[in-house]
Amino acid sequence: MNATDQLGQAPIKTLFFQNYGPAIISLLSSILHQVINGIILGQQVGKEGLAAVGLYGPVVIVLVALSLPVMIGGGVLIGKSIGAGDFKKVQEVFQFATTLVILIGGCVAVSAPFLAVPLGRFLAGADHVTLAQNTADYAFWQLVSLPFFFLGMIWGNFVRANNAPKVSRNASICAAAVNIVLDLILIVGLDLGVKGASIATAVALATGAAYLFVFISKGNTHLSFSAFRFTLIFSQWKEYLKIGLPSFASEIAFSSGLLFINQSLIRHGSTAVAAFGLVNYLSFLLIRPFTAAMIAALPIMSFNIGAKQPKRVLETLRFSLGFTVVLGIVVTAIGLFLSDQLISLFSGDQNIEYRETASQAMGLYFLLFLAAGPNYLLAAFFQSTGKTFLSLLVNLLKGFLLIVPALMILPDYFGLPGIWLSRSLAEILTLIIIAAYTMWYKSRYYAAGAIVR
């Protein structure tokens, strides 16, 4: 049985963990370098240094959103095409996607000198001068390196869809190692602060993309650079973008929700803004195991949709949902019981007001992990099976549509804790609404005929 055939024949649990292992190692290597980066910034620069990275988080989500229709849409089409044996289409998707992200990333990179400072002032608040400047310093090099960020994302996902998840893992480990070494040199050795952290991350992104380029060039997948040509012509681009649209909407809605939370906090002062920067930073780290579960499940579901095996698709969904529910309980407990330790480790700040604010924020904000994993997986499942509107609805509800009314209502009754609770409530309510609706109309979404058409 070759590697591709395993997706249609091997036990689902085995396949899931074969994919999850490399995915989580890849993401943990990324987490490791971000943890080290965060500790160094917190200790060397102070809470403003780490807060700058956390405040930049919504921008990262917007940038991810730009690539997700290409990455997810392409990954699903590649998985289905491999399952159906259409390898010509695999190469067409690869060429179209690579051309598109280089074009988009290049445009943003060229605009970096004009975007960084206004962006820093907007995110931190113009009155918080030091925090705004740190945020601008971090933003500049991240925008400059955007083409490498995009290429690493889409090539890594396409390689996973070709059932070579260890390669994507190795690229991430390589990038993380480079980032850690450069953090020590640029932040500690050369005292470049937030700017040094951003340069280190930019170089690491380029390293990861280069690793994937070398692997693909060796001809180990159905992707090829020897027959590659830059093109924006793809006959099925409407199907491509339709598959990827929910992911794009998800990230845009998510980023908008975070920006609304951020703007709601500015009137509560710099302590609340800095606390949100820390909590947001930690949430980006801890969401990675849930992202890895979606990454592990999606190639299995996509292949078996293409191979017309709906029972294996449903089995994959059920197992991965159960896995992320357990994982969510564990991560939520971390936020509830280990908040003081995390604040001491990352902020290096002994201010009592800041510690109390950040601890309260973490306990309430981390409740979102109870529902985050199932929402990720349900959206991916609906996306893969052509239920674009429902996938879009999941992402819009949790990312924006429920956060805005929560921010309008909860602070009036609970004050600052109401702001921390807004995103968690949106995530949990989304899961309840979508689960109840789809189970009521089970034949539309989970029957064999609804999965494979």
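Computed from the coordinates by the stated procedures, all read-outs in this text should not be read as laboratory data. Quick caveat, the model's predicted, so the values are computed rather than measured. Note: ideal-geometry Cβ built from the backbone for every residue, glycine included; neighbour counts use all protein chains shown.
Quick notes on this structure:
- Neighbour-count order for R169, R121, R423, fewest beta carbons within 10 angstrom listed first: R121, R169, R423
- Taking K88, K80, K195 and counting other C-beta atoms within 10 Å, the order from fewest to most: K88, K195, K80
- Cα-projected label distance for K218 with L345, points at 7 Å along beta-carbon direction, nm: 3.5
- Separation of the K13 and A436 label points, Cα + 7 Å toward Cβ, nm: 3.3
- Each Cα pair under 8 Å and six or more residues apart adds its sequence gap; the mean of these over the residue count of the range 103-214 is a relative contact order of 29 percent.
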